[in-house]
Amino acid sequence: MIADQLHDFPVVEFGKQFFYQANHQVNFDMRPQPSFNKDFTLLIHNFKNNTASNIENLILTDSARQVERLYAILEDLDKTVKFTPISISIREGFVDNDQKLACYTDHQIFDRYYKYKLKKGYQRSQAITLKELRELKPGDYVTHIDHGIGKYAGLEKVDVAGKMQEMIRLVYADNDLLYVNINSLNRISKYSGKEGTVPRMNKLGTDTWEKLKKTTKKKVKDIARDLIQLYAVRKAQQGNAFSPDSYLQTELEASFIYEDTPDQEKATADFKKDMESPHPMDRLICGDVGFGKTEVAIRAAFKAVADSKQVAILVPTTILAAQHYKTFTDRLKGFPCNIDYVNRFKSSKQIKDTLENLKNGKVDIIIGTHRLVSKDVKFKDLGLMIIDEEQKFGVSTKEKLKQMRANVDTLTLTATPIPRTLHFSLMGARDLSIISTPPPNRQPVVTELHVFNDTLIKEAVEHEIDRGGQVFFIHNRVADLPQLGGMIRKLVPKARIGIAHGQLEGDALEDVMLKFVNNEYDVLVATTIIEAGLDIPNANTIIINYAHMFGLSDLHQMRGRVGRSNKKAYCYLLSPPLSTLTSEARKRLSAIEEFSDLGSGFNVAMRDLDIRGSGNLLGAEQSGFIAEIGFEMYHKILDEAIQELKDDEFKGLFPDDKPRPFIAFTQIDTDQEILIPDEYVTSIAERYNLYTELSKLENEVELKAFQQQLHDRFGPVPPQVNDLLNTMRLQWMGKAIGFEKISLKKNVLRGYFITNQQSAYFESPAFRQILSFVQANPRRCNLKEVKNTLRLSIEGVNSINQAVKLLEEIGEPVGV
């Protein structure tokens, strides 16, 4: 059988003599698994025959539940039958007489469908590439929280009072050097700005960086203040509390053709809770492209309609309005619910009628672009507003939305992933639901890298048109589009070709797109304009020309346009030969080729989208700042700003927030030998990674696990490394007790208190505890003011371990 199949393949030979002849035979003595039609007595009979002829019975399944069921059935029918379960699933079972094996599959025994497995290959490779993206290589730009942007120049051994320590070496403008202690690793972060831009390096010892931080903070604070104020207004308002679900709701949810993903269930439960509470809802739902946000919106809209309220759905483009209208009408068919839409393809008379019906309450759900916020649109009883991709609306529309929002429940949908780090800080100002699991039975997009060639394009386009689909051809130079269109027409004469780019008039552009949506074109030759939210399930091939010119997230967003139905989708990246590209571009392309899995959007797109995402959340004018100071830094500042606002101006608003420690970070300075020795971990990059990992740990449990991991990977932990781990403990305790800096030099431990002498810290139990410790040990301790900072010094501390014990003793009564 296999031999016959192999005959169809051409033989390729390398070398000069062509005399290849097959003279060897491989024989397989195999039979397919007999079919039992769920008749278990037959199965048992077969098992026994196998055992009699010394054939081992194996059952292959990856579902433990199925194994349990089989055991239970055989237990009832015949206890003597034995089989070995193997946790792996294959498509069809077989009996191999040579190997004396009978491998049966559970789905054939039970007559179920074989579940095709999506390859989970990406998890392993993904870790590597993401790590590489974050890994520092000498020459990378970094941001230091106190000194600004410099270049990372590797690790360097430094002699501190005769003891070796490893420091991080940074180069600043005019080749100034800065050595950063390993314990202060979390003061620096890799600079990630817009892809491909080179930041300006700061000069050490000037106040430019401080000024930049101050202006950024002020700006950020103003924006955050608006957000929190809106939140406060909403919390104080009494809105409409919707009644709990009725049977209609359950019926709608049961009629969803896919299974809900866990995230969808959670988002659904979240918005129901919000809608049933008396305060107006303001929930943001983020999810990767095509992950079922619309379904959540449909359920919310229906809940409002079931309570005889009206729903307004705002979308950024005319096409989306038409698309949503179609989706909503399909989903709500047979439910008591009138849906209508306004867009510029309707005559003014039609629009007038629709608005009239809206005012009289004859329309339950209205879908439209920013036209819906104009003055002539009146609702009878608006109960819910759903906004799709809010960041794409203009400023004036956003302002109007803000006013409408204060007392109407609002649900906002966005596909721009919102960086994880921002969730926490925005928790106060916005309720977030995240949908990051792909719907079941979606197939990943087959992604291939190729050099530009006619044959490939011809075959790809023909293949897609033959199966009744459509093709995107992306190229980012407007001038070349007609020429490329002509080329495709020559290669595939039967293809109907449309051309779309941002320089077309808005209406002309939408007309082309609409024709494509309605299947009047087979190929759309376009610029990246297609990345925004178009849902065309029928387009399942995308060809991206000059792929090396795009950023990661653009590639990912564009690839997200295909593969939105259960058809297999293809994405071809065309670029010049790889050898001619920069290593960055090569890495990007191979990363996107590897991450073909679904939901990897959240990982792939992290860098560029992080930048766009946080900018959008807080208003577009932020992107400039982020480019200047780098993304991580921007977050730190944002977080501080929001915390400060919560602490002073909006004090009573967040009663359930935990009190913050008085100090964000304790600096450690010591003359002990703390480092990971070369002979313990030889690779510099790996050492740096370990240092970074260590600086991110937050408690004793994590530290112990880290220590165990070192032991497992590199052998017994040397004393220097133990000291390094202890400096982490020292840092945590110092932070809890209230030290901004701890230094252990020449056997004297010095702790420097908060510089702000007005701080509430000096009234706290922690500080009182220190005073009583000093009074109890007058010989060893002294407390004095040095350069406006209060300093505690304790003599006779000759190791880091001892310092840790001492701080434990000081802090214990206050629960440190």
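Quick notes
- Filtering the stretch 761-784 to residues that are exposed (fewer than 12 other Cβ atoms within 10 Å of the Cβ) and closer than 18 Å to residue 662 by Cβ leaves 763, 765.
- Total residues in the stretch 36-52 satisfying the condition of being assigned to a helix (DSSP H, G or I), within 48 Å of the chain's Cα centre (by Cα) and at pLDDT below 85: the figure is 1.
- Pairs, first touching a residue at least 40 places away in the same chain (Cβ under 8 Å) in the stretch 767-789, second among the aliphatic types (A, V, I, L, M) and assigned to a helix (DSSP H, G or I), C-beta under 9 Å, six or more apart: 769/737; 769/810; 769/814; 770/737; 770/810
- The stretch 290-307 residues that are in a helix (DSSP H, G or I) and among the aromatic types (Phe, Trp, Tyr), paired with ones that are at pLDDT 90 or above and buried (at least 23 other Cβ atoms within 10 Å of the Cβ) (beta carbon under 9 Å, 6 or more apart): 302/311; 302/365
- Meets criteria (of a type in the set (D, E, K, R) and open to solvent by less than 20 Å² (accessible area, probe 1.4 Å)) for residue 371: no
- Leading residue by the ranking (nearest to residue 42 (Cα to Cα)) among those in the stretch 57-89 that are surrounded by fewer than 15 Cβ atoms within 10 Å (Cβ to Cβ) and in contact with a strand residue (DSSP E or B) (Cβ under 6 Å, 6 or more places away or on another chain): 84
- Residues in the stretch 678-702 that are within 25 Å of residue 797 (Cα to Cα) and either among the β-branched types (Val, Ile, Thr) or touching a helix residue (DSSP H, G or I) at 6+ places or on another chain (Cβ under 6 Å) (or both): 695 alone.
- Reported count of residues in the stretch 357-368, each being open to solvent by less than 20 Å² (accessible area, probe 1.4 Å), touching a helix residue (DSSP H, G or I) at 6+ places or on another chain (Cβ under 6 Å), within 15 Å of residue 309 (Cβ to Cβ) and not β-branched (Val, Ile, Thr), is 0.
- Counting only residues that are under 16 Å from residue 431 (Cα atoms), without any contact (Cβ under 8 Å) to a residue 24 or more places away in the chain and not charged (D, E, K, R), the stretch 237-275 holds 1 of them.
- Of the numbered criteria (1) among the polar types (S, T, N, Q); (2) under 34 Å from the mean Cα position of the chain (by Cα); (3) open to solvent by 70 Å² or more (accessible area, probe 1.4 Å), the one residue 747 fails is (2).
- Search result, residues across the stretch 242-269 that are outside any helix (DSSP H, G or I) and aromatic (Phe, Trp, Tyr): 242, 256, 258
- Of the listed requirements (1) modelled with pLDDT under 70; (2) surrounded by 18 or more Cβ atoms within 10 Å (Cβ to Cβ); (3) closer than 30 Å to residue 218 by Cβ, residue 641 misses just one: (1).
- Counting only residues that are over 20 Å from residue 369 (Cα atoms), part of a loop (DSSP other than H, G, I, E, B), open to solvent by 50 Å² or more (accessible area, probe 1.4 Å) and out of contact with any Asp or Glu (no Cβ under 9 Å at 6 or more places or on another chain), the stretch 492-508 holds 2 of them.
Each row is one residue, and each column tells you yes or no for (1) open to solvent by less than 50 Å² (accessible area, probe 1.4 Å); (2) within 31 Å of the chain's Cα centre (by Cα).
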{"position": "156", "(1), (2)": "no, no"}
{"position": "160", "(1), (2)": "yes, no"}
{"position": "163", "(1), (2)": "no, no"}
{"position": "168", "(1), (2)": "yes, yes"}
{"position": "173", "(1), (2)": "yes, no"}
{"position": "178", "(1), (2)": "yes, no"}
{"position": "185", "(1), (2)": "yes, yes"}
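- Counting the residues of the stretch 133-176 that are within 14 Å of residue 204 (Cα to Cα), part of a loop (DSSP other than H, G, I, E, B) and not hydrophobic (A, V, I, L, M, F, W, C) gives 4.
- Residue in the stretch 349-361 that is under 26 Å from residue 269 (Cβ atoms) and touching a residue at least 24 places away in the same chain (Cβ under 8 Å) present: no
- Counting only residues that are outside any helix (DSSP H, G or I), modelled with pLDDT under 85 and of a type in the set (Lys, Arg), the stretch 351-405 holds 1 of them.
- Selection count, the stretch 553-586, where residues are open to solvent by less than 30 Å² (accessible area, probe 1.4 Å), part of a helix (DSSP H, G or I) and under 23 Å from residue 471 (Cβ atoms): 6
- Restricted to the stretch 658-695, and to residues there that are assigned to a loop (DSSP other than H, G, I, E, B), more than 26 Å from residue 755 (Cβ to Cβ) and not hydrophobic (A, V, I, L, M, F, W, C), the residue that is most open to solvent (accessible area, probe 1.4 Å) is 679.
- Yes/no for residue 300 being farther than 28 Å from residue 443 by Cβ and open to solvent by 30 Å² or more (accessible area, probe 1.4 Å): no
- Tabulated pairs, the stretch 182-205, first farther than 12 Å from residue 150 by Cα and at pLDDT 75 or above, second open to solvent by less than 60 Å² (accessible area, probe 1.4 Å) and part of a loop (DSSP other than H, G, I, E, B), C-beta under 6 angstrom, 6+ apart or interchain: 187/145
- Candidates 480, 511 - the one that is surrounded by fewer than 20 Cβ atoms within 10 Å (Cβ to Cβ), under 17 Å from residue 574 (Cα atoms) and free of Cβ contacts under 8 Å to residues at least 24 places away in the same chain: 480
- Every residue from the stretch 710-731 that is open to solvent by 60 Å² or more (accessible area, probe 1.4 Å) and within 30 Å of the chain's Cα centre (by Cα): 713
- Candidate set: the stretch 324-350, residues that are of a type in the set (D, E, K, R) and not in a helix (DSSP H, G or I); chosen: the one modelled with the lowest pLDDT: 344
- Those residues of the stretch 542-555 which are out of contact with any His (no Cβ under 6 Å at 6 or more places or on another chain) and within 15 Å of residue 449 (Cβ to Cβ), in sequence order: 542, 543, 544, 546, 547, 548, 549, 550, 552, 555
- Residue within the stretch 740-758 that is assigned to a helix (DSSP H, G or I) and over 17 Å from residue 664 (Cβ atoms) present: no
- Odd one out for residue 792, checked against (1) at pLDDT 85 or above; (2) under 43 Å from the mean Cα position of the chain (by Cα): (2)
- Per the listing 254, 224, 267, the residue uniquely small (Gly, Ala, Ser), under 25 Å from the mean Cα position of the chain (by Cα) and either open to solvent by 60 Å² or more (accessible area, probe 1.4 Å) or modelled with pLDDT of 80 or more (or both) is 267.
The values are calculated or read from the model by the stated rules, or taken from the named source; none is laboratory data. No experiment lies behind these values; they were computed from the predicted model shown. We place every Cβ from the backbone using ideal geometry, glycine too, and count neighbours over all the protein chains shown. Please note that ligands, DNA and RNA were not included when accessible areas were found on the heavy atoms of the full protein model with its side chains. Shrake-Rupley method; radii C 1.70, N 1.55, O 1.52, S 1.80 Å.
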